[in-house]
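The values are calculated or read from the model by the stated rules, or taken from the named source; none is laboratory data. Only a predicted model underlies this, so the values are computations on that prediction, with no experimental measurement involved. Every residue, glycine among them, receives a Cβ derived from its backbone with ideal geometry; neighbour counts consider all protein chains shown. The protein model used for the area step is the full one, side chains on, heavy atoms only, and it has no ligands, DNA or RNA in it. Shrake-Rupley method; radii C 1.70, N 1.55, O 1.52, S 1.80 Å.
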Amino acid sequence: MSTTFQLNGETCRFDGDPMTPLIDLLRCQRFMTGTKAVCREGFCGACTVNVEGEPVLACLRPVGLLEGLSVMTIEGASRYDAEAQLLQAAFERVDAVQCGMCFPGMVMSLSKFLRETPRADRNAVKHAMVGNICRCTGYERIVDAVMECLAEAHSAGGADV
Amino acid sequence: MSEVERTIMNLPRRDAPDKLRGRTKYTNDRMDSTTLHAALLRSTVPAGRIARLDVSRALKCPGVRAVATAGDAPGLFGIGVADHPLFASDTIRYIGEPIAAVAAETLEQARAAIAAIELEVEPLAPVLTMEEALAPGARLVHENWRNYEILFEGGSRRGNIAWEAKAMRGDVDAAFARSDVRIVESTFRVGRQNHVPFEPRVAICSWEDDRAHIQTSTQVPWTVRNVTGRVMGLTPGRVRVTVPAVGGGFGLKFDATIEPITAVLARKTGRAVMLENSRFEEMTTCLCRENADIRIRSAVAADGEIVGREATVLMDCGAYGGEQIFLTTMTAHTLGGNYRLGAVRLTSRAIYTNTPPNGAFRACNGVYNTFALERHTDEICAELGFNPIEFRRRNVLGDGDLGATGQPFEGEVLRPMLDRMEGLREKVGSARERAAGRLYGRATTVGTWFIFVGPSSATVNLNADGSATLVTSGVEIGSGTMTQSLPQIVAGQLGLDPRDVIVKQADTDAAGLDVGVGGGRTTVSIGAASIEACVPIREKLLKTASEMLQTPPERLTLRNGRVEIAAVPGSGATVAEVVQRAQSISGPVTGTGSFTAKNVPAMAGCAMGHFIEAIDIPVFAVHDAEVAVDPETGHVEVLSYSVVQDVGRALNPLAIHGQVQGGVVQGLGYALHEEVTLGGEGEIRQSGFETYRLPLALDAVPVAIDLYEGAPSMGPLGTKGAGEVPILNTAATVACAVANATGRLVREIPLTPPRVLRILRDREPALPHPHISADWLQNTLD
Ligand code: FES
Ligand code: FES
């Protein structure tokens, strides 16, 4: 059985077991290692990718359920997603990154949040982040960076809620 | 501009752009379609004898290229005592212990072949707790403990006591016998904490030029090289270790049990082999921060002077001695630190049990000893009626005071830091009203850590384009040392922009000896070696430029990538021009440096079985927390958190603040909810993220930080390590605040809601610690 979907804008055809988790297709077969596999049980958020623009955990999503859908990974988002780029620049600026393993997933989760929630306070940002665990940074810097992005997006005329 | 001024800056990390875009290749990102995958057969019983092990069926499984067992790696390794085999050969000592390994074309094939291995084990009655291990007639976890090779002399050992270290100073009996003292005694118990670095332990080994080349996620490339050589019976020089970016360590990656297995399999197959712990394996064989039992007694005079103190600390090392043997050393400095003591005797014992081995974890040994010490201090204050902050102000170590092992402390640091905390508390204000009907408590604690410096080396090569390459065995585990502080230090010495300092990833073939990244030592030790490496480079640059510019070297300076006439900014020549000139007339511009501490030894007869003649560099911290305890649910909320940390000199304040914030939140996890428990077979029950509760964004608290600079330090440019210390007294601070909020004793952490409810209802069991005698002498060998 084969599954065909869009991966970072290109057509991707997969002929293996449709129950293969997306993370394995990406990392072990395509050697696209930007998406991190940390817990493989849906708790850490490190493997977050976007499917049809929604954050999805690649360790829980079987490839067979992606037929016809569009999937964006950190590799694609870094090139095509304006909010992801905004976040990446802010994380660099505030020195939020330590070991870095959680950040690809963090960027993928928060880019949608940034797009849709331009007027959040710190607490709302933290709520948006509960699905993404970071063992190193103690989170506050990450929240700082997101707040900077929100301010930037706002001053650049981002939509008000 | 001085070299110090040139060095201090908030340089952002150079590795962040790639890490944020998923381009960084960690070790587990480096497999390709030609890499073989390894899987391990691990024990499912805590103790037993291997009656039969037959791998012939596994060898015939599809895709299998090799199987390895104890016969392939007969050597024993360890720290202090060589008690640890790579694979169990005869005796099994914990659930999860490796027995055999398979390399196959795919991971599924490797796992299938593992299932085909035939193993018969005669189970033995396991020894699961320290209490059982110390009971008279207890079964020996290591029957032949007498026969092990001793790698470090000086400690006492017997039976299930893997190691014992002692610190003694003064006449403790006389102090306790004084008629004018009150004696306060406390007992404590702490559980294990799992490191959970996001990248698991993983290694890829290929066999090249008849040598092993191991790429691994480690903090200790030289240890990996030596252990691999030792267990395989190779000279260590036949092992090359390189270290890609490491996805977090926190001390876990001092371990060297994964890498030799890949080397054995790579030699057998001639192919690159990757072994990566699954999350389950990682969680259940994680070398946790050890569980410990503590008894501490003090004799305190009416004016608050601590005239005598004695304590016993039992550290569960699990099935093998490993790092706990080494860490017995730390007790003297952490439990024996913080306060001026008249007379003192401390013993710490590493105890064998049939449980997964424990290991070093950020501020190892120190976090729970600080918890015990600070809680004990508050118990003293409560019993004798002292104000806890005033009591600390009176008794903290100051200039010339002796530590437990008789080394004098230099400089008055903790007392002024307590004053600074008072200022910070005022600035931050009180969050009391946010307690909103819940029980409110606040506490301030002190902490003493010390940095073990140990040997490091560095080479700096100046390139014809004016850049410099720094070659060391340092590893970037996430703390920013290799991406921020070291390039800053080298750049400051040579007048370069730190972005023009290339940092070579650790490679034991290229760099000199180093004892690894941990304990906050890297900036200090590799930093000092780097400065030494720059000395001949500066000389050569100045000499060459002096000839080029017809100016005496004393009038020249290195700045902005140029060798300039000091009085005339913008004059002279670029470093690139000078290097090119020097290369053509006198050869490459290069320097090497090495460093190890010139430490103050322990007072004669004061310290036994200690691995480090510390105190190399003491580092101090003062923490303050406000908490609200919900009396209905037992939930503890941290309302505010403040830190005054002694950093010697802050070369990159931005990076240090990040370390403090991260360390405190990790410490809050340890204090409040990170709980590892053992099942009836000695297995770790929290085997994944679902059951092990890590701090989430909503658990995080912004930390108010004040960096205290100017304390004496032998570190380069006055630095001290900053990444280890922030976790040192978080559990102590939260526990003291919860005790203040509830008016109850707090003897155990983590303070999970069920435990807090038991504390509130006086249901939390007392800790009589029958396995620690009230008579200190009964707790020591010989
Ligand atoms: S790896 Fe998918 S959520 Fe952790
Ligand atoms: S930076 Fe290491 S897990 Fe987030």
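Residue-wise test of (1) touching a strand residue (DSSP E or B) at 6+ places or on another chain (Cβ under 8 Å); (2) in contact (Cβ under 8 Å) with a residue 12 or more places away in the chain; (3) surrounded by fewer than 22 Cβ atoms within 10 Å (Cβ to Cβ).
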position	(1), (2), (3)
B:Ser687	no, yes, yes
B:Pro716	no, yes, no
B:Val725	yes, yes, no
B:Leu728	yes, yes, no
Can you pull out the residues in segment A:114-142 that are crowded, with 23+ Cβ neighbours inside 10 Å and assigned to a loop (DSSP other than H, G, I, E, B)? A:Asn132, A:Ile133, A:Cys134, A:Arg135, A:Cys136, A:Thr137, A:Gly138, A:Tyr139
All but one of (1) open to solvent by less than 30 Å² (accessible area, probe 1.4 Å); (2) more than 22 Å from B:Ala133 (Cα to Cα); (3) of a type outside the set (Ser, Thr, Tyr) hold for B:Gly154; which doesn't? (1)
Going by the conditions given, is B:Ile389 β-branched (Val, Ile, Thr), open to solvent by 10 Å² or more (accessible area, probe 1.4 Å) and not in a strand (DSSP E or B)? yes
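Taking the options A:Glu10, A:Glu54, A:Glu75, name whichever one is out of contact with any strand residue (DSSP E or B) (no Cβ under 9 Å at 6 or more places or on another chain) and under 23 Å from B:Gly248 (Cβ atoms).
Numbers: A:Glu10 fails: under 23 Å from B:Gly248 (Cβ atoms); A:Glu54 fails: under 23 Å from B:Gly248 (Cβ atoms).
Just one listed residue meets the conditions, A:Glu75.
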Quick count over segment B:79-94, residues being more than 17 Å from B:Leu41 (Cα to Cα) and open to solvent by 30 Å² or more (accessible area, probe 1.4 Å), is 1
Checking the structure you have, find out if any residue of segment B:730-739 is touching an Asp or Glu at 6+ places or on another chain (Cβ under 8 Å) and open to solvent by 30 Å² or more (accessible area, probe 1.4 Å). no
B:Thr508 being in the same structural domain as B:Ala582 (by TED's automatic domain parsing), out of contact with any His (no Cβ under 8 Å at 6 or more places or on another chain), modelled with pLDDT under 95 and of a type in the set (S, T, N, Q): no
Condition set open to solvent by less than 10 Å² (accessible area, probe 1.4 Å) and within 6 Å of ligand 1 (Cβ to nearest atom), scope segment A:46-57, selection nearest to B:Phe198 (Cα to Cα): answer is A:Ala46
Of the numbered conditions (1) facing chain B (nearest Cβ under 10 Å); (2) under 17 Å from the mean Cα position of the chain (by Cα); (3) within 16 Å of ligand 1 (Cβ to nearest atom), A:Cys136 satisfies every one except a single condition; which is it? (2)
Out of the strands (runs of 3 or more DSSP E) lying entirely within segment B:477-592, which hold 2 or more residues that are open to solvent by 20 Å² or more (accessible area, probe 1.4 Å) and touching a residue at least 60 places away in the same chain (Cβ under 8 Å)? B:556-559
Are there any pairs, at least 6 apart or on different chains, whose C-beta atoms fall under 8 Å, with the first in segment A:36-58 and outside the structural domain of A:Asn8 (by the TED database) and the second charged (D, E, K, R) and more than 7 Å from ligand 1 (Cβ to nearest atom), and if so, which? none
Which numbered condition in (1) more than 8 Å from chain B (Cβ to nearest Cβ); (2) within 23 Å of B:Arg693 (Cα to Cα); (3) touching a residue at least 12 places away in the same chain (Cβ under 8 Å) is the only one that A:Phe103 fails? (1)
Quick check: is even one residue across segment B:65-77 in the same structural domain as B:Arg267 (by TED's automatic domain parsing), over 32 Å from the mean Cα position of the chain (by Cα) and open to solvent by less than 30 Å² (accessible area, probe 1.4 Å)? yes
In segment A:89-113, what residues are more than 24 Å from A:Ile23 (Cα to Cα), open to solvent by less than 10 Å² (accessible area, probe 1.4 Å) and either assigned to a loop (DSSP other than H, G, I, E, B) or more than 11 Å from ligand 2 (Cβ to nearest atom) (or both)? A:Ala90, A:Ala96
So which pairs qualify, if the first residue must be in segment A:7-21 and in a strand (DSSP E or B), the second must be among the hydroxyl-bearing types (Ser, Thr, Tyr), the Cβ gap must be under 6 Å, and the two must be at least 6 apart or on different chains? A:Arg13/A:Ser2; A:Arg13/A:Thr4; A:Phe14/A:Thr3
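Kindly state which strands (runs of 3 or more DSSP E) lie completely within segment B:19-76 and contain at least 1 residues that are touching a Pro at 6+ places or on another chain (Cβ under 6 Å). Talk me through it step by step, then tell me what you get.
On the way: elements: B:36-42, B:48-54, B:64-68.
Counting at least 1 such residues, we get B:36-42, B:48-54.
Yes/no matrix, rows are residues, columns are (1) part of a strand (DSSP E or B); (2) more than 18 Å from B:Gly519 (Cβ to Cβ); (3) over 19 Å from the mean Cα position of the chain (by Cα):
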position: B:Val241; (1), (2), (3): yes, yes, yes
position: B:Arg267; (1), (2), (3): no, yes, yes
position: B:Leu275; (1), (2), (3): yes, yes, yes
position: B:Gly304; (1), (2), (3): no, yes, yes
position: B:Thr312; (1), (2), (3): yes, yes, yes
position: B:Met315; (1), (2), (3): yes, no, no
Does segment A:35-49 contain any residue that is part of a loop (DSSP other than H, G, I, E, B), within 11 Å of A:Met72 (Cβ to Cβ) and within 16 Å of ligand 2 (Cβ to nearest atom)? yes
Only one of B:Ile183, B:Ile214 is more than 14 Å from chain A (Cβ to nearest Cβ) and either farther than 26 Å from B:Thr35 by Cβ or within 16 Å of ligand 2 (Cβ to nearest atom) (or both), namely B:Ile183
Considering every residue within segment A:6-18, establish whether at least one is within 15 Å of ligand 1 (Cβ to nearest atom), under 30 Å from B:Glu281 (Cβ atoms) and away from chain B (no Cβ under 14 Å). no
Can you report the number of residues in segment A:60-86 which are crowded, with 21+ Cβ neighbours inside 10 Å and either assigned to a strand (DSSP E or B) or within 16 Å of ligand 2 (Cβ to nearest atom) (or both)? 3
Please verify whether B:Leu414 is in the same structural domain as B:Ile306 (by TED's automatic domain parsing), closer than 28 Å to B:Thr742 by Cβ and surrounded by fewer than 23 Cβ atoms within 10 Å (Cβ to Cβ), treating the condition exactly as stated. no
Among (1) open to solvent by 20 Å² or more (accessible area, probe 1.4 Å); (2) closer than 24 Å to B:Ala256 by Cα; (3) among the aliphatic types (A, V, I, L, M) - the single one B:Ala212 does not satisfy: (1)
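From the list A:Phe43, A:Phe31, which one is open to solvent by 10 Å² or more (accessible area, probe 1.4 Å), facing chain B (nearest Cβ under 10 Å) and touching a Phe, Trp or Tyr at 6+ places or on another chain (Cβ under 6 Å)?
One residue alone meets the criteria, A:Phe43.
Please specify each residue of segment B:340-355 satisfying the condition of being part of a loop (DSSP other than H, G, I, E, B), buried (at least 24 other Cβ atoms within 10 Å of the Cβ) and in contact with a strand residue (DSSP E or B) (Cβ under 6 Å, 6 or more places away or on another chain).
Listed by number, the residues that qualify are B:Leu341, B:Thr353, B:Thr355.
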